[in-house]
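These notes concern the structure reproduced below.
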Amino acid sequence: MVNAIETKPRERIKDNVVFIGKKPTMSYVLAVMTQFGEGQTEVHLKARGRAISTAVDVSEIVKNKFVPGSKLSEINIGTEEIEGENKEKINVSTIELVLKK
């Protein structure tokens, strides 16, 4: 008899979300341009902590250099509590920028 393991279905990540991390800024600009090129009318940039400044840079580069007609339609900021080393709780700032074509 085989034991069936019940798993929760993974939450599907939307196609129009770009998570900003440690890669070079232009990598994320390319990801946003790819989303717009595939027909998306809006792209969500999400970042935490030190990557927030990169997310702002990406949105400004896309707006000013690559898609001049686009605009920043929403800015959502917040704080997430994560568990760091030694099980201590750490507050990390978050941002979500929504670019519309």
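Values in this text are rule-based calculations from the coordinates and carry no lab data. Keep in mind the model is a prediction, meaning the values are calculated, not measured. Virtual Cβ from ideal backbone geometry, glycine too; neighbours counted across all protein chains shown.
Based on Cα coordinates alone, diagonalise the gyration tensor for the chain, multiply each eigenvalue by 5, take square roots, and list the semi-axes in whole Å, largest first.
Values: eigenvalues 174, 84, 27 Å².
Taking √(5λ) for each eigenvalue gives 30, 21, 12 Å, largest first.
Pairs of lysines in the stretch 17-100 whose Cα atoms sit within less than 20 Å of one another amount to 11, provided the residues are eight or more positions apart or on different chains. Sorting the segments 32-39, 84-91, 70-77 by their residues' average number of neighbouring beta-carbon atoms within 10 angstrom, most packed first, yields 32-39, 70-77, 84-91.
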